[in-house]
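Participant: Next up is a structure, given as structure tokens.
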Amino acid sequence: MAEGYDLVIRAARAIVGGEESSCCIGVTAGRIAEVGAYSAPAVGASALDLGDDVVLLPGLVDSHVHVCEPGHTDWEGFAAATRAAAAGGITTLVDMPLDSVPVTVDPAAVTAKRRAADGQCLVDVGFWGGVVPGNLGRLPDLHQAGVLGFKCFLADSGSPDFPPLDAGGMAAALRVLRDLGVPLLVHAESAQAAAAIPEATGRKYADYLASRPRGLENLAIAEVIEAARVTGGHAHVVHLSSSDALPMIATAQNEGVRVSAETCPHYLTLAAEEIADGATAAKCSPPVREAANRELLWAGLRDGIVDLVVSDHSPCTADMKELASGDFGRAWGGISSLQLGLPLVWTEASRRGVSLAQVATWMAARPAELAGLHRKGQIRAGFDADFCVFAPDAPVTVDPARLHHRNPVTPYAGWDLRGEVRATLLGGEPVDPARPRGRFLAWGEAAR
Ligand SMILES: [Zn+2]
């Protein structure tokens with residue numbers, strides 16, 4: 001180690017190289033210049049000394065966030081979402097291409113998004129582009145405009161501006177994206193299978209669950225796998241809920257098919273048996289399934305079949321959640337958990353003997369890799385000096401009044417969790433709500 005760093009961090013506990021150890025980190029110009037032994041001689045303009053009550057994690061990367069701005073700023077927005085992210089230890093988020101107006105399906109929409117985000121973001125922000133019927137020819141331009149990869153639906157997205165693809169359309173997109181070197185994220189529920197089942201109405205969670213059975217996911221995921229197999233493109237299954245699909249994803253991965261999958265805090269913490277009738281705060285799609293399904297998702301993570309945990313922060317106004325009527329048919333499907341993901345996942349992970357280093361891989365390193373962000377998600381020389389200071393043993397109780405997202409509806413109100421985010425650093429400096437420093441991360445600029 002040397003002298004002349006902007007900042008020297010000495011951490012009794014840090015996640016480095018996939019394991020927990022003590023270390024000393026020299027930061028210069030917003031990047032990690034060097035990672036050395038805890039007692040290494042190093043001098044900087046400022047110093048941060050962390051005791052053994054906290055663990056220094058890489059800043060988390062959440063590759064599945066619906067910011068909804070411009071167009072639906074009463075649902076969410078860049079200021080509120082990035083503030084919630086920072087409070088949750090997230091230093092990079094990637095915004096989904098729908099739920100805003102315009103949807104991100106052409107280069108002009110990327111410009112509109114960048115303009116809306118500019119000067120508001122407390123953390124770094126990237127964008128996914130959308131693939132919809134008819135915009136295949138625009139994908140290279142959209143990629144050139146800076147999107148990190150693409151997302152499509154195989155079932156109704158709930159937004160008339162963002163119609164689904166069929167299996168052929170998905171394969172055509174994968175061919176284009178294979179050549180661009182970026183992934184296709186797929187909302188994998190089958191439109192055809194869904195069409196045969198009436199929409200649920202009323203307050204019974206069991207009715208809602210029965211209207212979105214595992215088979216909708218299983219069928220669509222089989223199509224995703226075969227499209228990835230024949231095209232050689234990278235298909236990524238977002239928000240996996242059906243554990244039935246794990247064996248076929250594993251088989252495909254073993255055969256060299258480029259298919260990956262993520263799951264979300266709600267599928268790892270909630271269980272259908274425990275969702276009260278009328279408790280529409282817990283509605284999302286695909287739905288939260290049974291406790292036995294949840295345990296199999298944990299096993300899928302431990303086996304490496306699923307290797308990302310991201311929020312699918314999917315906000316709306318409080319009214320749209322239909323909390324008063326409790327009608328699962330009318331309520332918006334989506335759970336907003338940017339700020340709570342880490343303590344939720346860590347609480348359940350630690351109960352199952354999973355290490356914090358493993359959680360950091362799922363919530364930082366792997367999402368960064370998916371988005372091609374090669375300087376994010378790890379504490380390593382050359383990477384951005386983005387950190388989350390986490391007290392893994394501190395008890396916290398979820399208080400909706402302390403959530404920063406715009407409409408703080410949550411199914412976790414009153415939950416007692418383990419682990420508290422004590423500080424979040426972006427580019428070597430603490431995140432300060434009065435001074436938004438988040439940058440736009442474009443593909444190419446972000447990639448090594
Ligand atoms: Zn989503």
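The values are calculated or read from the model by the stated rules, or taken from the named source; none is laboratory data. In this text the structure is predicted, and so the values were computed from the model without any measurement. Virtual Cβ from ideal backbone geometry, glycine too; neighbours counted across all protein chains shown. Just so you know, the surface numbers come from the protein's heavy atoms only, side chains and all, with ligands and any DNA or RNA stripped out. Shrake-Rupley method; radii C 1.70, N 1.55, O 1.52, S 1.80 Å.
Participant: Taking the stated definitions as given, is ARG289 more than 16 Å from the ligand (Cβ to nearest atom) and surrounded by fewer than 18 Cβ atoms within 10 Å (Cβ to Cβ)?
Facilitator: No; evaluated as a whole, the condition is false for this residue.
Participant: All but one of (1) part of a helix (DSSP H, G or I); (2) surrounded by 15 or more Cβ atoms within 10 Å (Cβ to Cβ); (3) of a type in the set (A, V, I, L, M, F, W, C); (4) free of Cβ contacts under 8 Å to residues at least 40 places away in the same chain hold for ALA108; which doesn't?
Facilitator: (2)
Participant: If only one of LEU344, LEU323, LEU296 is more than 16 Å from the ligand (Cβ to nearest atom), within 16 Å of LEU270 (Cα to Cα), open to solvent by 20 Å² or more (accessible area, probe 1.4 Å) and aliphatic (A, V, I, L, M), which one is it?
Facilitator: LEU296
Participant: Of the conditions (1) in contact (Cβ under 8 Å) with a residue 12 or more places away in the chain; (2) closer than 22 Å to VAL310 by Cβ, GLY382 satisfies every one except a single condition; which number is it?
Facilitator: All conditions pass for GLY382, except number (2).
Participant: Here's another thing I want to ask about it. Which of (1) aromatic (Phe, Trp, Tyr); (2) more than 22 Å from the chain's Cα centre (by Cα); (3) within 16 Å of the ligand (Cβ to nearest atom) does TYR208 not meet, given it meets every other one?
Facilitator: (3)
Participant: Can you report the number of residues in the range 9-48 which are of a type outside the set (S, T, N, Q), farther than 14 Å from ALA381 by Cβ and not in a loop (DSSP other than H, G, I, E, B)?
Facilitator: The number of residues fulfilling the criteria is 11.
Participant: For the range 252-259, indicate whether the set of residues that are under 23 Å from the mean Cα position of the chain (by Cα) and open to solvent by 20 Å² or more (accessible area, probe 1.4 Å) is non-empty.
Facilitator: yes
Participant: Sort out which residues of the range 67-87 are open to solvent by less than 10 Å² (accessible area, probe 1.4 Å), within 16 Å of the ligand (Cβ to nearest atom) and out of contact with any Lys or Arg (no Cβ under 7 Å at 6 or more places or on another chain), and write them in order of number.
Facilitator: VAL67, CYS68, ALA81, ALA84, ALA85
Participant: Can I ask one more? What residue, among those in the range 234-268 that are without any contact (Cβ under 8 Å) to a residue 60 or more places away in the chain and among the small types (Gly, Ala, Ser), is farthest from ALA193 (Cα to Cα)?
Facilitator: It comes out as GLY256.
Participant: Give SER100, SER63 a once-over and let me know the one that is open to solvent by less than 30 Å² (accessible area, probe 1.4 Å), more than 14 Å from LEU425 (Cα to Cα), polar (S, T, N, Q) and part of a strand (DSSP E or B).
Facilitator: It is SER63.
Participant: Find the residue count for the range 299-317, including only residues that are more than 16 Å from the ligand (Cβ to nearest atom) and polar (S, T, N, Q).
Facilitator: Adding up the residues that qualify gives 1.
Participant: Could you check the range 410-423 and list, in sequence order, the residues that are crowded, with 18+ Cβ neighbours inside 10 Å and within 22 Å of GLN120 (Cβ to Cβ)?
Facilitator: Passing the criteria: only VAL421.
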